[in-house]
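Down below is the structure, laid out as structure tokens.
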Amino acid sequence: MSQVIGLINYGIAGNIHSIKKAIKEAGGVVKVISVKEELKSVDKIVLPGVGSFKDAMHELKSDDLFDELKKAIETKPTLGICLGMQILSTLGFEYGKTEGLNLIDAEVKPMLVDAKVPHMGFGNIQIVKSNKLLEGLENEEFYFMHSYEMVNYTDIATLSNYGGHQFVSAIHKNNLYGVQFHPEKSREAGIKLFKNFLEL
């Protein structure tokens, strides 16, 4: 039986449709989650992300998803994508200071780089701590689109460079995975990453 992947719909994530399509292509069954009761029926969780840290946290709280989602993430394999990775942090500094899900000891800050922001386009990842999600993806390029970065020193899985600036492009802690890039926009490499996630 195929695993059911719970794709969290917190109102602002404009990339839900393309992530759903990519996970299906990788062989997964997707259930879009909008209410906390539905979290019980999924095997794994994907936090999509387009929008701002502040709005994302506001939506999770106003939809009454915050507490149950945090509990579910602590026990189920979870993948945060772009903003979905960032909100796993303790704090975000987009439009003021906002508390995150506090599952990764990190802060999300503006990218201070001598180049155009947002950082958009394909880029490499340098694996510093290998894990099953990244298996076979060492030499692949992924699509980035972000103005903020996660500052973390303990759970770094990959680093990437932009404009001479090194930033965290993936994290891993226990059952938690996060990628700053968009696998759903990264062609075959992205589908392979979703396949790896399904096999966790």
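Coordinate-derived values only; no laboratory data. All of these numbers come straight from a predicted model, not from anything done at the bench. Heads up, the Cβs are rebuilt from the backbone with ideal geometry, glycines too, and the neighbour counts pull from every protein chain shown.
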Against the conditions (1) out of contact with any Phe, Trp or Tyr (no Cβ under 7 Å at 6 or more places or on another chain); (2) within 25 Å of Gln166 (Cβ to Cβ); (3) of a type in the set (Asp, Glu), where does Glu94 fall short? Just the number, please.
(1)
Looking at segment 179-200, I want the residues that are free of Cβ contacts under 8 Å to residues at least 60 places away in the same chain and have a partner that is in a helix (DSSP H, G or I) and surrounded by 23 or more Cβ atoms within 10 Å (Cβ to Cβ) with Cβ atoms under 8 Å, at least 6 apart or on another chain. Which pairs are those?
Ala189/Pro183
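Which residues, taken from segment 135-145, are in contact with a strand residue (DSSP E or B) (Cβ under 6 Å, 6 or more places away or on another chain) and not charged (D, E, K, R)?
Of segment 135-145, the ones in contact with a strand residue (DSSP E or B) (Cβ under 6 Å, 6 or more places away or on another chain) are 138, 141, 143-145.
Within segment 135-145, Tyr143, Phe144, Met145 qualify.
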Inside segment 95-108, can you point out the residues that are touching a strand residue (DSSP E or B) at 6+ places or on another chain (Cβ under 9 Å) and surrounded by fewer than 15 Cβ atoms within 10 Å (Cβ to Cβ)?
Lys97, Glu99, Asn102, Asp105
I need every pair where a residue in segment 57-73 that is on the phi > 0 side of the Ramachandran plot has its Cβ under 9 Å from the Cβ of a residue that is in a helix (DSSP H, G or I) and not β-branched (Val, Ile, Thr), sequence separation at least 6 or different chains.
Asp64/Lys36
By my count, strands (runs of 3 or more DSSP E) wholly in segment 17-110 with at least 2 residues that are farther than 22 Å from Thr154 by Cβ and out of contact with any Pro (no Cβ under 7 Å at 6 or more places or on another chain) are 29-33
Looking at (1) within 15 Å of the chain's Cα centre (by Cα); (2) surrounded by fewer than 20 Cβ atoms within 10 Å (Cβ to Cβ); (3) of a type outside the set (Lys, Arg), which is the only condition Asp155 fails?
(2)
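Determine whether segment 74-94 contains at least one residue that is more than 23 Å from Asn174 (Cα to Cα) and touching a strand residue (DSSP E or B) at 6+ places or on another chain (Cβ under 9 Å).
Among the residues of segment 74-94, at least one is more than 23 Å from Asn174 (Cα to Cα) and touching a strand residue (DSSP E or B) at 6+ places or on another chain (Cβ under 9 Å), which makes the answer yes.
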How about segment 122-152: which of its residues are among the acidic types (Asp, Glu), surrounded by fewer than 15 Cβ atoms within 10 Å (Cβ to Cβ) and in contact (Cβ under 8 Å) with a residue 40 or more places away in the chain?
Glu135
So which residues in segment 158-193 are within 14 Å of Met111 (Cα to Cα) and over 16 Å from the mean Cα position of the chain (by Cα), if there are any at all?
Asn161, Tyr162, Gly163, Gly164, His165, Gln166
